[in-house]
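FYI, it's all coordinate maths here, none of it is from the lab. In this text the structure is predicted, and so the values were computed from the model without any measurement. Don't worry about glycine lacking a Cβ; one is built from the backbone with ideal geometry, like all the others, and counts go over all protein chains shown.
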Amino acid sequence: MPTADELLGPEVVARLTECLRGADGRRRWVSVEASTAGFAEQGLSERVRAVQAALLEDLPPSYAASARIVRRALRGEDFDGWMIWPVGEAVAARAVASEHDDDFEDGLALLAELTPRLSSEFAIRTFLAADLDRSLRTVRTWTEHPDEHVRRLASEGTRPRLPWARRVRELIERPGVTIPILDALHDDPSEYVRRSAANHLNDVSRLDPALAVATARGWLREGDAESARTVKRALRTLIKGADSDALALFGFTAPRDLVVEGILLEPEVVRVGEALGFAATITNAGTTACDLAIDYVVGHRKANGELSPKVFKLTTVRLEPGERAELSRRHSFKPITTRRYYPGPHTIELQVNGARFGLAEFELLAP
């Protein structure tokens, strides 16, 4: 992953300063130039805030005058990349604070102009927090924009749980308010946009599962493979969480007439850094074919001794009557930055169309 210096380091800020001087050479831009003084101790988000604050010191006090400078800078090809993030944040701050009513919509328009250079998905949160309904009236028009980056901004910038971004309380409290945007974009010709719409609906599914499933059901009525892929991504959290309505959309109904043998473990004691092997068989003992979404669930021991289940994808399979599926996998306990392993008894079991089978216990030892 790129470092903070590579994304927004002193060289990037120096290029930003030159772009601003090219747009308005009468201003000195001394605050922007000096904003890198604390970069050595700052992460990316802190650097963005530092450069944003410097921009607000060096730009004219009015939104209109500031916007003119930014638009002149946009004429140059060097005004590009991660330097755009703090610029968008400064634009948003000026526009929302302006006493001139039209500056709110013009600020949103300027973010749309900036977003092909670098997504304005973080800066737009300032507008959403200030006046959600007013912002969304403009954002909905972007779903028909010719530039895929702007169409994606409509979906990505309004996500209820956008990573790294400030939380907008109303998006959490009113998850249905952005559904018209997603309905317009879920079948967008750009995969870049479709993935954003799917990720957005996945956010909604954590807040209102029934709304997310109902929305996805409407998308599936179109019946094409692309819609099915988008919906599968959009409902991934519900599917892994064994939501019966989400599973039913893909034909994964409650399992009947299944014979599950296992889970067999090899070994039954494993150390952190090693891998646990397991195997199981599933037989369709019924008289009709069945579609199965098969996952496995590891019960990780936490520091307080409780078990925390984590679902991992295994496979999907269609079993005809009498047909049998042989399943096997090795699950790694190699240390990773996103999970800490605690020694002690752990569990593993299969999850088939949301139902659990074959609970087995194993011991995890310290490395």
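Helix 44-58 axis versus longest C-alpha principal axis of the chain: approximately 20°, rounded to the nearest ten. As a quick test, which of the pairs Lys232/Lys302; Lys232/Lys334; Lys302/Lys334 have an alpha carbon distance above 20 angstrom in this structure? Pairs exceeding 20 Å: Lys232/Lys302; Lys232/Lys334.
Let me know the whole percent of all Cα-Cα pairs from the stretch 1-112 that are separated by more than 23 Å. Numbers along the way, then the final one.
Values: 1468 of 6216 pairs.
Roughly 24 percent, rounded to a whole number.
Each peptide in 125-136, 41-52 receives the mean, over its residues, of other Cβ atoms within 10 Å, and ordering these scores from highest gives 125-136, 41-52. Any idea what angle helix 10-23 forms with the longest principal axis of the chain, computed on alpha-carbon atoms, 0 to 90 degrees, nearest 10? Long axis of 10-23 versus the principal axis of the chain: about 40 degrees.
Treating the Cα atoms of the chain as identical point scatterers in vacuum, please give the log10 of the normalised Debye intensity I(q)/I(0) at q = 0.12 Å⁻¹, two decimals. Normalising to I(0) and taking log10 leaves -0.98. In terms of its alpha-carbon gyration tensor, the stretch 24-87 comes out prolate; a/c meets the 1.5 threshold, and the first ratio a/b outweighs b/c.
Compute the Cα gyration tensor for the stretch 131-226, then decide on rounded, prolate or oblate, letting a ≥ b ≥ c be the square roots of its eigenvalues: rounded whenever a/c is under 1.5, prolate when a/b is larger than b/c in the other cases, and oblate in all that remain. Taking the square roots of the gyration eigenvalues as a ≥ b ≥ c, the stretch 131-226 is oblate.
Compared with the dominant Cα axis of the chain, that is its longest principal axis, helix 209-220 is turned about 90°. Of the trypsin sites (Lys or Arg not before Pro) found in the stretch 282-367, the ones in coil according to DSSP and having at most 15 other Cβ atoms within 10 Å of their Cβ are Lys302, Arg340.
Could you tally the net charge around Pro10, taking each other residue with its Cβ under 14 Å from the Cβ of Pro10, Lys/Arg +1 and Asp/Glu -1?
Details: positive: Arg15, Arg47; negative: Asp5, Glu6, Glu11, Glu18, Glu33, Glu41.
With Lys, Arg at +1 and Asp, Glu at -1, the net is -4.
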